[in-house]
């Protein structure tokens with residue numbers, strides 16, 4: 001998981017640099033130093049809580065466990081806000 005998060009951060013920063021260079025070019029300015037970087041991550045898995053329906057369904061199927069197991073995916077994305085100065 002840490003390797004995926006690291007890659008997501010690197011991708012987010014690379015995208016921020018590309019966009020900042022495009023804005024600087026479109027205004028005829030050179031990109032200066034980074035003033036600040038802020039990160040917001042999402043995709044943290046939220047544990048599911050067994051419901052009464054899950055318990056009833058498990059009992060009717062003859063399953064002794066009431067803990068539901070569900071397949072799925074948890075998206076992982078990183079958003080960065082980077083502020084640059086103009087050179």
Going by the structure shown, is residue 23 modelled with pLDDT under 75 and in a helix (DSSP H, G or I)? no
Looking only at the range 28-76, which residues are in contact with a helix residue (DSSP H, G or I) (Cβ under 8 Å, 6 or more places away or on another chain), surrounded by 11 or more Cβ atoms within 10 Å (Cβ to Cβ) and at pLDDT below 85? 41, 66, 68, 76
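The values are calculated or read from the model by the stated rules, or taken from the named source; none is laboratory data. All values reported here derive from a predicted model rather than from experimental measurement. Don't worry about glycine lacking a Cβ; one is built from the backbone with ideal geometry, like all the others, and counts go over all protein chains shown.
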